[in-house]
Amino acid sequence: IIHHINLIRLIHGVCPLQEDEYLDALAQTYANELTKRGIFFRDSNNYSKKYGIIEGASLFSQLTAIVSRMYDEKNHYNFYLNFGTPMTSHFTQLVWKSTRSIGIGVLKKNDIFTIVLFFYPKGNIRGEYKKNVFKKQISWKKTMI
């Protein structure tokens with residue numbers, strides 16, 4: 001998952017994320033809570049005030065497809081504006097330039113995997129989009145010529 005995210009970040013001209021053990025532990029705790037409750041919820045610890053959080057659920061064979069679906073939100077993002085929308089918040093967090101660290105939590109229950117990603121510093125900051133979200137810098141089509 002982290003390699004997939006870092007490839008996306010590379011394509012958009014931003015540094016790769018470093019996995020952080022503390023963030024891994026937070027993300028795992030969050031994934032455990034999501035699985036226990038059986039629903040996605042707003043965190044009572046207010047983690048979302050400090051960390052960017054992305055949640056998803058999938059079959060094992062489709063875990064990287066979660067990241068691909070988040071990345072597909074780019075099709076709805078307007079790179080000329082300085083704001084995001086709820087329809088693009090996963091994409092913008094994935095490629096947010098000032099984000100440096102990631103934590104990953106995964107839990108399996110009944111053949112379904114819950115995945116939680118914690119990002120620090122968090123992205124999707126109002127008024128900061130133009131400085132942090134960029135169009136593709138690399139085109140695979142151009143590199144294959």
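Every number in this text was worked out from the coordinates using simple rules, so none of it is lab data. Quick caveat, the model's predicted, so the values are computed rather than measured. Using ideal geometry, Cβ is built from the backbone for each residue, glycine included, and neighbour counts are taken over all protein chains shown.
Given points 7 Å out from each Cα along the Cα-Cβ axis, report the LEU7 to SER48 separation in nanometres with one decimal.
3.0 nm
How high is the relative contact order of the chain, in percent, counting Cα pairs under 8 Å that sit 6 or more residues apart?
37 percent
What is the pair-distance distribution P(r) of the chain, computed from all Cα-Cα distances in 10 Å bins starting at 0, with each bin given as a whole percent?
Cα pair-distance distribution for the chain, in percent: 12, 42, 35, 11, 1, 0.
Treating the beta-carbon of each Lys and Arg as +1 and of each Asp and Glu as -1, no other charges, what is the dipole magnitude of the stretch 2-135 about its Cα centre, to the nearest 20 debye?
Taking the Cα centre of the stretch 2-135 as origin, the dipole is about 420 debye.
Once the piece of chain linking LEU81 and ARG126 is laid out straight, how much longer is it, given 0.36 nm per residue of separation minus the C-alpha distance between them?
The span from LEU81 to ARG126 would gain 15.1 nm if fully extended.
Distance check, please: which entries in LYS74/LYS130; LYS74/LYS131; LYS49/LYS97; LYS109/LYS135; LYS108/LYS130; LYS108/LYS136 exceed 26 angstrom between their Cα atoms?
LYS109/LYS135; LYS108/LYS130; LYS108/LYS136
Suppose a student asked you for the relative contact order of the stretch 47-108, using Cα pairs under 8 Å spaced at least 6 residues apart; what percent would you report?
The value is 25 percent.
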